[in-house]
Amino acid sequence: MLTVTAHGATLPAIGLGTWQLNGETASAAVAAAIEAGYRHIDTAIGYGNETEVGEGLRRTGVARDQIFLTSKIPPEQLGADDMMRAAEASLRRLRVDQLDLLLIHWPSRTLTAAETIRSLNRVKQRGLARHIGVSNYTVRLLDEAWAATEEPIAVNQCEHHPYLDQSKLRAATERHGTAFVAYCPLGRAEALDEPVIKDIAGRLGRAPAQIVLRWQIQKGCVAIPKSAHPARIRQNLDIDGFELAAADMDAIDALRTDGSRICDSAFSPDWD
Ligand SMILES: NC(=O)c1ccc[n+]([C@@H]2O[C@H](COP(=O)([O-])OP(=O)(O)OC[C@H]3O[C@@H](n4cnc5c(N)ncnc54)[C@H](OP(=O)(O)O)[C@@H]3O)[C@@H](O)[C@H]2O)c1
């Protein structure tokens, strides 16, 4: 299995995203993923599915220590006491003793990056998470968090797909030795219809999703595609054993388009 290491954390390079997977669909997708060989599952308090994700994990009988489990603290729970309580409740819903990775889901609009990372340090130091990280952090916020933290920031989870060029943010993340986890790695499946991606897929005898995920991995990213369908879940993991040539990587890079960000909300920072 391909992995990415960062500050003592070893992340399987493909994880299952679970946003918008709810109820039995979420438990079934998580169980199908683990049975297919996934060892990395991404959830968040804000997804409202931690109970079902935990149920899916237990269904397979794979030992807890074989699975890299991530959750995220929402922006309204970033105060020090709120964050500790939120992390405790997350563990209760998932029915695990510890998260492998706990992220600040979106930067706070009221607290500084220094304040929030110090609160997250306390959560880790209490043993609720093995590793900590951030999500949707810009270069400036990541630098501020790193300047204030006692514990390494293992991950910056951000939107990344063929339409959204994140070279500057990826380089800044790499400079800190922090892993870049790509969310919306398939561009919510829109990228799969691009003729250039279909052409490469046809030539290599692979599915378009595998081409896009291979592009992510060759850029050094971890990717967390979401699917509710077992066949796609399996397909998204099966990206070992072939490589994209430099010309194909360049052709996919050329799909970058201004204004292609998918996840933009009231919580958004001033993007790079
Ligand atoms: N940190 C954050 O702020 C943040 C924000 C957004 C997302 N995320 C995380 O990132 C994960 C992934 O992002 P996302 O779900 O927004 O988008 P995505 O993974 O880029 O795309 C998901 C879409 O692609 C389809 N799909 C998946 N595999 C496919 C395949 N092999 N062939 C064809 N279609 C396929 C899925 O449909 P089916 O389900 O019907 O297969 C779904 O419609 C989320 O689930 C979440 O865990 C984090």
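The values are calculated or read from the model by the stated rules, or taken from the named source; none is laboratory data. This structure is a prediction, so every number in the text was calculated from the model and none was measured. All Cβ positions, glycine included, derive from the backbone under ideal geometry; neighbour counts span all protein chains shown. Calculation scope for accessible area: heavy atoms of the full protein, side chains included, ligands and nucleic acids excluded. Shrake-Rupley method; radii C 1.70, N 1.55, O 1.52, S 1.80 Å.
Ignoring the sites themselves, what is the longest stretch of the chain with no chymotrypsin sites (Phe, Trp or Tyr not before Pro) in a DSSP loop and at most 14 other beta-carbon atoms within 10 Å? Before the final figure, lay out each step's value.
Working: sites that count: Phe242, Trp271.
So the longest stretch without any such site is 1-241.
Could you give me D for segment 164-222, from Stokes-Einstein at 10 °C and 1.306 mPa s, where the hydrodynamic radius is the Kirkwood radius over C-alpha pairs? Units µm² s⁻¹, please.
In µm²/s, the coefficient is 130.
Run the numbers on the chain and let me know its relative contact order in percent, using alpha-carbon pairs under 8 Å that are six or more apart.
Relative contact order of the chain: 20 percent.
Give the ranking of His105, His161, His229 by solvent-accessible surface, highest area first, calculated with a 1.4 Å probe.
His229, His105, His161
Please report the antiparallel percentage of DSSP beta bridges with both residues in segment 3-253, rounded to the nearest 5.
Taking every DSSP beta bridge within segment 3-253, about 15 percent pair in antiparallel fashion.
Taking amide hydrogens as modeled 1.01 Å from N in the peptide plane, which residues meet the under 5 Å criterion relative to Asp100, leaving out close sequence neighbours?
Leu69, Arg130
With a 1.4 Å probe and all protein chains left in place, how much accessible area per residue does the chain have, in Å²?
Averaged over the residues of the chain, the accessible area is 42 Å².
May I ask you to work out the translational diffusion coefficient for the chain at 20 °C, viscosity 1.002 mPa s, via Stokes-Einstein with Rh from the Kirkwood sum over Cα pairs, reported in whole µm²/s? Provide the component values of the computation, followed by the final result.
Details: Rh = 18.6 Å.
Translational diffusion coefficient: 115 µm²/s.
Dividing the alpha-carbon radius of gyration of segment 1-145 by 2.2 N^0.38 Å (N being the number of residues), what value is obtained?
1.01
Taking just the alpha-carbon atoms of segment 1-62, what radius of gyration and Dmax come out, in angstrom?
Expressed in Å, the Cα Rg and Dmax of segment 1-62 come to 11.8, 35.
With +1 on the Cβ of every Lys and Arg and -1 on the Cβ of every Asp and Glu, and nothing else charged, how large is the dipole of segment 71-116 about its Cα centre, in debye rounded to the nearest 20?
200 debye
Could you please report the charge total around Asp165, scoring K, R as +1 and D, E as -1 over all other residues with beta-carbon less than 13 angstrom from its beta-carbon?
Computed value for this residue: 0.
Quote the charge dipole size of the chain about the Cα centre in Debye, to the nearest 20; the model charges only the Cβ of Lys and Arg (+1) and of Asp and Glu (-1).
Approximately 560 debye in magnitude.
Could you tell me which residue out of Thr110, Ser260, Leu57 lies farthest along the dipole of the chain toward its positive end? Charges go on the beta carbon: Lys and Arg +1, Asp and Glu -1, centred on the Cα centre.
Checking the options against the dipole of the chain, the answer is Leu57.
Can you tell which of Ala251, Ile224, His161 lies farthest toward the positive end of the dipole of the chain, using +1 and -1 charges on the Cβ of basic and acidic side chains (Lys, Arg; Asp, Glu)?
Ile224
At 222 nm, what value in deg cm²/dmol follows for the chain if DSSP H runs of at least 4 each add -39500 (n - 2.57) and the sum is divided by all its residues, to the nearest 500?
Calculated from helices alone, the mean residue ellipticity at 222 nm is -12000 deg cm²/dmol.
Of the accessible area of segment 3-253, with the probe set at 1.4 angstrom, what percent is carbon plus sulfur? Don't skip to the end; give the middle numbers.
Numbers: 4660 of 9900 Å².
The computed percentage sits at 47.
Within segment 56-92, what residues put their amide N at less than 14 Å from the label point 7 Å along the Cα-to-Cβ vector of Gln125?
80-81, 84
Run the simple label-point estimate for Thr112 and Gln20 please: 7 Å along Cα→C-beta, distance reported in nm.
About 3.8 nm, to one decimal.
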